[in-house]
1. Residue by residue through the range 6-39, note down the ones that are modelled with pLDDT under 95, over 14 Å from the mean Cα position of the chain (by Cα) and surrounded by 12 or more Cβ atoms within 10 Å (Cβ to Cβ).
2. Show the residue pairs meeting these rules: Cβ distance below 6 Å; 6+ apart or different chains; first residue within the range 20-31 and under 11 Å from TRP51 (Cα atoms); second residue among the hydrophobic types (A, V, I, L, M, F, W, C).
3. Of the residues PRO72, PRO57, which is without any contact (Cβ under 8 Å) to a residue 40 or more places away in the chain, closer than 30 Å to LEU9 by Cα and over 11 Å from the mean Cα position of the chain (by Cα)?
4. Only one residue in ARG50, ARG42, ARG3 is modelled with pLDDT of 95 or more, loosely packed, with under 12 Cβ neighbours inside 10 Å and among the charged types (D, E, K, R), so which one is that?
5. So which of PHE70, PHE55, PHE74 ends up being in contact with a helix residue (DSSP H, G or I) (Cβ under 9 Å, 6 or more places away or on another chain) and modelled with pLDDT of 95 or more?
Amino acid sequence: MMRQRASSLAGSNRTAALGLNLVLLANLAGSAWLYLRFLRGRGPFAALERWQTGFLPVYAGWAAVVAALFPPVFGYQ
């Protein structure tokens with residue numbers, strides 16, 4: 001029983017970390033692209049600001065998924 005719970009926690013933690021890493025990667029890639037455009041004079045800084053502030057709901061969405069869906073999916077008691 002204890003091993004099953006430990007492996008379930010490890011799986012859920014890994015899944016949560018993987019999801020967050022993918023969100024961070026997408027945010028970083030988009031930010032880098034927009035920042036390079038700004039530095040080259042081909043895009044406004046406001047586009048980077050909009051990207052950053054527009055990404056906040058993505059972080060909130062992932063946090064909501066982890067908080068609401070992980071307990072039933074991974075069998076938390």
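The values are calculated or read from the model by the stated rules, or taken from the named source; none is laboratory data. Just so you know, these numbers come straight off a predicted model, no measurement behind them. Here the Cβ positions follow ideal geometry from the backbone for every residue, glycine too, while neighbour counts run over all protein chains shown.
1. SER8, LEU9, GLY11, SER12
2. Filtered contacts from the range 20-31: ASN27/PHE55; GLY30/TRP51.
3. None of the other options fit; the residue is PRO72.
4. Answer to the check: ARG42.
5. PHE55
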